[in-house]
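The values are calculated or read from the model by the stated rules, or taken from the named source; none is laboratory data. No experiment lies behind these values; they were computed from the predicted model shown. Here the Cβ is made from the backbone with ideal geometry for all residues, glycine too, and neighbour counts use every protein chain on show. Note: areas computed on protein heavy atoms with side chains; ligands, DNA, RNA excluded. Shrake-Rupley method; radii C 1.70, N 1.55, O 1.52, S 1.80 Å.
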Amino acid sequence: MTLINSLRWHRDFKDNPVRQKFVAERLEALKAALRTEIHAGTSERSLRLATWNLMHFGDGGGYDRTTESMLYIAEIIDHFDLVAVQEVNRDLTKLEELIDKHLGSGWDYLVTDTAGGRSGGAGNNERLAFLYRKAKVEFCKEAGEIVLPEGQEIAAPGAANAPATKVQFARTPFAVAFRSAWLKFKLCTVHIFYGEGSAGLKQRREEIEKIAQFLADRQGDEKKDMIKRARERQWARPEDAGWDSNYILLGDFNIISPEHETMQALEKAGFAIPTKPLKSNLGGNFHYDQIAVKSAHPGFKVGGSGVFDMLKHVYRDEDVDHYIDVVKPAKMATDSKGAARPRDKQAEYFKATYRKNQMSDHKLLWCEICVDYSDDYLTEIIKKAKAATPVP
């Protein structure tokens, strides 16, 4: 349950009943949509997992989120249990505000250091983060950024007529061990290099190939070690020891389509895409965001999945008059040169830029993962007991 008391006391609302009523109605509609689209079709015995690129989150300037948008972002996240977030900025003030003032003490987060150098570099000074509900998800005290071994680096295009150089990821992938109920898993989030032209696309594909194969190899080695130790300890079923080696790779892959080589690069390493092909950018024409799994537990199962289109419920086309006449954001009212925008141009700016900067240019992608295997466990015990009991 999100903290929404700022609707009463924050300066944006307390002396403006029209604004206060509008945001309350939009928040009410957003809650209803999330209950219907997410909670109505999923189980409390499952993990609701999501990934969301939050476009320059915390970057300030034109991307500075208002209290209104923070209420909406928190409400969306709060309908899930574990959310990977990409494009968190160097300044963590907004992320801390999201947790402390909107999501509350039931949530916690992990975040990487920034990618890129002082000027940003290819990583654009971005961070990757995991936000998780503490009552549903346990951080297993294992986290790390993925660094490729020497000789396995990525080929990055050089300057004109110059040979390619070997580099690490533009934004270092972030892997963390979590447990939810019966399921332990490693979750790795990425924001894959975008690039331009054929050279940029090649680097994008290679980044996907490298991270997928790295994790596939890591899982294979991990399972072997787990089973070996179980045999040394004389477990009755040592092969079960490898069940905890479940890997989930998710984030912004900048994948163009399910048939494209960028998707094939992900599947080549044995990762399955349990969610149906879903277009996650605001334009609805690319499959940028993905959730991919390489599971070891025989009970691993993905249930529902989808993308949540927030602009059907907040910052809608039909809301444009409210923002022009009541909110009057300065960047919408005047252009970059300080000249006043006519009403039709303000409406265009709202639809093309303002609402995207307040929310994101990506929709949230989610799936439901089974984490409660107690029914199967009990059924197996009862079945074995029956088989061992002599018939009178």
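Solvent-accessible surface (1.4 Å probe) assigned to Lys328 amounts to roughly 130 Å². Taking a sphere under 15 Å around the Cβ of Gly58 and counting the other residues whose Cβ falls inside, with K and R at +1 and D and E at -1, yields a net charge of -4.
Using 1/(1 + (r/R0)^6) with R0 = 45 angstrom and r between the beta carbons of Lys279 and Ile382, what's the FRET efficiency to the nearest 0.05? It would help to have the intermediate numbers written out before the result.
Numbers: r = 45 Å, r/R0 = 1.00.
Here the calculated transfer efficiency is 0.50.
Across the protein chains, with a 1.4 Å probe defining accessible surface, the residues Met226, Met263 rank Met226, Met263 from largest area downward. FRET efficiency for the Ser105 to Ala177 pair, using the beta carbon distance and R₀ = 22 Å, is estimated at 0.45.
So, taking all protein chains as they sit and a 1.4 Å probe, how much accessible area belongs to Asp240, in Å² rounded to tens? Solvent-accessible area, nearest 10 Å²: 40 Å².
Highest GNM mean-square fluctuation, the chain, Cα pairs closer than 10 Å: which of Ala236, Ala155, Ala115? The residue with the greatest mean-square fluctuation here is Ala236. Split the chain at each of the GluC sites (Glu not before Pro) in a DSSP loop with at most 15 other beta carbon atoms within 10 Å, and the longest piece is 260-392. Taking the Cα atoms only, what angle lies between the long axis of helix 197-232 and the longest principal axis of the chain, rounded to 10 degrees? Between the helix axis and the principal axis of the chain, the angle is about 40 degrees. Would any residue of the range 233-273 have its amide N under 11 Å from a label point 7 Å out along Cα→Cβ of Ala199? List them or say none. Taking a point 7 Å out along Cα→Cβ of Ala199, no residue of the range 233-273 has its backbone N under 11 Å.
Any chance you could run the full-extension gain for Lys328 through Lys268? It's 0.36 nm times the residue separation minus the Cα-Cα distance, nm to one decimal.
Working: separation 60, 0.36 × 60 = 21.60 nm, distance 5.00 nm.
Length difference between fully extended and current span is 16.6 nm.
Calculated on C-alpha atoms, the gyration radius of the chain divided by its Kirkwood radius gives an Rg/Rh of 1.02.
Divided by 2.2 N^0.38 Å, where N counts the residues, the Cα radius of gyration of the range 147-220 comes to 1.31. The residues packed around Lys184, meaning those with a beta-carbon under 11 Å from its beta-carbon, carry a net charge of -1 if Lys and Arg are +1 and Asp and Glu are -1.
Of the listed peptides 300-307, 285-292, what is their order by residue-averaged count of other C-beta atoms within 10 Å, with the highest listed first?
Top to bottom by mean Cβ count within 10 Å: 285-292, 300-307.
Taken over the range 177-244, the percentage of Cα pairs per 10 Å bin, counting from 0 up to the bin with the maximum distance, is 18, 32, 26, 16, 8, 1. Across the options Ala333, Thr2, His260, the greatest Cα extent toward the positive end of the charge dipole of the chain (unit charges at beta carbon of Lys, Arg, Asp, Glu) belongs to Thr2.
Label-to-label distance for Lys141 and Ala340 is 6.4 nm, based on points extended 7 Å past Cα in the beta-carbon direction.
With +1 on each Lys and Arg Cβ and -1 on each Asp and Glu Cβ, how big is the dipole of the range 87-223 about its Cα centre, in debye rounded to the nearest 20? The partial results should precede the final answer.
Numbers: 20 positive and 20 negative charges, 67 e Å.
My answer is approximately 320 debye.
Legend: distances between Cα atoms for Lys14/Lys136; Lys184/Lys268; Lys31/Lys186; Lys186/Lys276; Lys134/Lys268; Lys328/Lys351; pairs beyond 26 Å are Lys14/Lys136; Lys31/Lys186; Lys134/Lys268.
Just to confirm the number: angle between the C-alpha axis of helix 17-34 and the first principal axis of the chain, 0 to 90 degrees, nearest 10? Long axis of 17-34 versus the principal axis of the chain: about 20 degrees. To the nearest ten degrees, helix 67-77 and the longest principal axis of the Cα atoms of the chain are 20 degrees apart.
Using just the helices of the chain, give the 222 nm mean residue ellipticity in deg cm²/dmol: DSSP H runs with n ≥ 4 each add -39,500 (n - 2.57), and the total is spread over all residues, rounded to 500.
Values: 10 runs with 111 residues, N = 392.
Using -39500 (n - 2.57) per qualifying helix, the result is -8500 deg cm²/dmol.
Give me P(r) over the range 278-331, computed from all C-alpha to C-alpha distances, binned every 5 Å, as integer percentages. Going from the shortest bin to the longest, the percentages are 4, 13, 15, 15, 13, 12, 10, 6, 4, 4, 3, 0.
Derived value for the range 198-322: Kirkwood hydrodynamic radius 17.0 Å. Basis is the mean of 1/r over every pair of different alpha-carbon atoms.
Within a Cβ distance under 15 Å of Arg229, other residues only, what is the Lys/Arg minus Asp/Glu net charge? Can you show the working numbers first?
Details: positive: Lys223, Lys224, Lys228, Arg231, Arg233, Arg237; negative: Asp221, Glu222, Asp225, Glu232, Glu239, Asp240, Asp244.
Result for the local shell: -1.
Find, among the trypsin sites (Lys or Arg not before Pro) in the range 304-392, those assigned to loop by DSSP (not H, G, I, E, B) with at most 12 other beta-carbon atoms within 10 angstrom. Walk me through the numbers before you get to the answer.
Working: sites: Lys312, Arg316, Lys331, Lys337, Arg343, Lys345, Lys351, Arg355, Lys356, Lys363, Lys383, Lys384, Lys386; in loops: Arg316, Lys337, Lys363.
Those that pass, being in a loop and sparsely packed, are Lys337.
When the solvent-accessible area of the chain is split by element, carbon and sulfur atoms take up 50 percent of it, the probe being 1.4 Å. Remark: the range 24-119 carries 36 Å² of accessible area per residue (probe radius 1.4 Å; ligands, DNA and RNA excluded).
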